[in-house]
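Some notes on the structure that comes next.
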Amino acid sequence: MTRLICHAAALMLITGMASCGDNQQQGADSDATDSTAAAKPGVTAKDWGEADGKKVQLFTLTNKNGVTVDITNYGGIVTSWVTPDKNGNKSSVVIGLASLQEYKKDPPYFGAIIGRYGNRIANGKFQLDGKIYTLATNNGKNHLHGGNKGFDKVVWDATPGTDGNPSLTLSYLSKDGEEGYPGNLKVTVVYTLTDDDGLNIEYSAETDKATPVNLTNHSYFNLTGDAGNSILNHTLMIDADSYTPVDDGLIPTGEIKAVAGTPFDFKTPTAIGARIEQVKGGYDHNFVLNRKDSSLSLVAVLADSVSGRKLEVYTTEPGLQFYSGNFLDGSFSSNGKPVQLHNALCLETQHFPDSPNKPKFPSTILKPGEKYHTVTKYRVTLQ
């Protein structure tokens, strides 16, 4: 299984690139310019409330350029990522909420770690080693993003790292039977903010029983830095010749189809809004990335001409879920702006949806003695 190999090459590439409480309001609504004006490189923490009887904190990672990323150990959520635009104005390129209380109101996975299985599993069932496992059906008749209380809603153990680039190590033990999954799964996620303005996310896991695992991050991006703006004018490139078509419940049919001649062809930079009307419901599809091996590779580039920002996506994963914010309805606000339809998008690195029920897809089964290890890097630059 490709992702179970220790990605030494990926980590070398990361290193190389790196070298070139509820009443607290330091989440998405903090003033971007003031929060970075006098910032020093490193990691700071402040109390942000409680959940499940455990202390929740908000950590701020700051690099030598004054770029900051805020992460809470509640759900491993990235609440803010403040970078300058082409005019030097600083604002957050991710959707974030102002307080822990807002995140407890069940937003659509803004910025969270997703697990035990990112994306959908058909009918909330899969068979493994001759046994049928039943999961929560929290998305119509299907299972989505780990169930009713996935990794996005738990309090992780957090350890800041200041030796080298600022980092935050999050750990969680998902117990045997949690949300219906077999095995005690020990999970570690390390966020690192590099001096080339990249956010590395390194996922690791081990289990004592065979189990499906598919971890990802669900950040919603808007490169304008204003959650009130549409992302339909953003251009997107995805290095994928194929994608996985879905049924009406957004479950892959099992087919792998060429993107050529379809609205799913993003092999060259294309405005997201150019063909979205041709896609029923908008984009919410897995792209089969063009990969020669499991090394960390550039797989997508998102760009906004107004701000001049560009987001590069690197990963060791075989798939990328492009979601165009089809279900955003203004129920939540970021920096005082209601997040409406198509005001943000997700680029979720992953194995394919419903892989436990699709034997021809790359396997997502982790067995005892194996090590799950994947790496993704998001990097913001100026065009």
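The values are calculated or read from the model by the stated rules, or taken from the named source; none is laboratory data. Worth saying up front: this structure is predicted, and the values here are computed from it rather than measured. Positions of Cβ are backbone-derived with ideal geometry, glycine not excepted, and every protein chain shown enters the neighbour counts.
Of note:
- The range 222-245: number of residues that are in contact with a strand residue (DSSP E or B) (Cβ under 7 Å, 6 or more places away or on another chain), under 30 Å from Gly42 (Cβ atoms) and surrounded by fewer than 24 Cβ atoms within 10 Å (Cβ to Cβ): 2
Condition check ((1) in contact with a Ser or Thr (Cβ under 6 Å, 6 or more places away or on another chain); (2) surrounded by fewer than 24 Cβ atoms within 10 Å (Cβ to Cβ)) across all residues:
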| residue | (1), (2) |
| --- | --- |
| Ile71 | no, no |
| Ile77 | no, no |
| Trp81 | yes, no |
| Lys86 | no, yes |
| Tyr109 | no, no |
| Asn123 | no, yes |
| Ile132 | no, yes |
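- Of residues in the range 241-292 being polar (S, T, N, Q), more than 21 Å from the chain's Cα centre (by Cα) and in a loop (DSSP other than H, G, I, E, B), the one nearest to Tyr220 (Cα to Cα): Thr268
- Conditions (1) over 19 Å from Leu223 (Cβ atoms); (2) crowded, with 22+ Cβ neighbours inside 10 Å; (3) in contact with a Phe, Trp or Tyr (Cβ under 6 Å, 6 or more places away or on another chain); (4) not small (Gly, Ala, Ser); number of the one not met by Phe361: (2)
- Of the residues making up the range 151-175, those that are touching an Asp or Glu at 6+ places or on another chain (Cβ under 8 Å) and hydroxyl-bearing (Ser, Thr, Tyr) are Ser171, Tyr172.
- Within the range 80-105, considering residues that are touching a helix residue (DSSP H, G or I) at 6+ places or on another chain (Cβ under 8 Å) and not small (Gly, Ala, Ser), the one farthest from Glu348 (Cα to Cα): Asn89
- Checked against the criterion of being touching a strand residue (DSSP E or B) at 6+ places or on another chain (Cβ under 6 Å) and surrounded by fewer than 17 Cβ atoms within 10 Å (Cβ to Cβ), the candidates Ser171, Ser167 yield just one match: Ser171.
- Qualifying residue in the range 273-285 (condition: among the hydrophobic types (A, V, I, L, M, F, W, C) and surrounded by 22 or more Cβ atoms within 10 Å (Cβ to Cβ)): no
- Test: residue in the range 111-119 that is among the polar types (S, T, N, Q) and under 22 Å from Asn138 (Cα atoms): yes
- The strands (runs of 3 or more DSSP E) found entirely in the range 293-383 that carry 2 or more residues being within 21 Å of Ala205 (Cα to Cα) are 309-315, 319-323, 346-350, 372-382.
- One residue alone among Asp195, Asp208 is out of contact with any Ser or Thr (no Cβ under 6 Å at 6 or more places or on another chain) and more than 30 Å from Asp129 (Cα to Cα), and that residue is Asp195.
- Candidate set from the range 188-221 (those that are of a type in the set (Asp, Glu) and outside any loop (DSSP other than H, G, I, E, B)); member that is surrounded by the most Cβ atoms within 10 Å (Cβ to Cβ): Glu202
- Checking the stated criteria, Gly53 turns out to be modelled with pLDDT of 95 or more, surrounded by fewer than 18 Cβ atoms within 10 Å (Cβ to Cβ) and not hydroxyl-bearing (Ser, Thr, Tyr).
- The residues of the range 174-187 that are in contact with a strand residue (DSSP E or B) (Cβ under 7 Å, 6 or more places away or on another chain), surrounded by fewer than 22 Cβ atoms within 10 Å (Cβ to Cβ) and of a type outside the set (Lys, Arg), listed by number, are Gly180, Pro182, Asn184.
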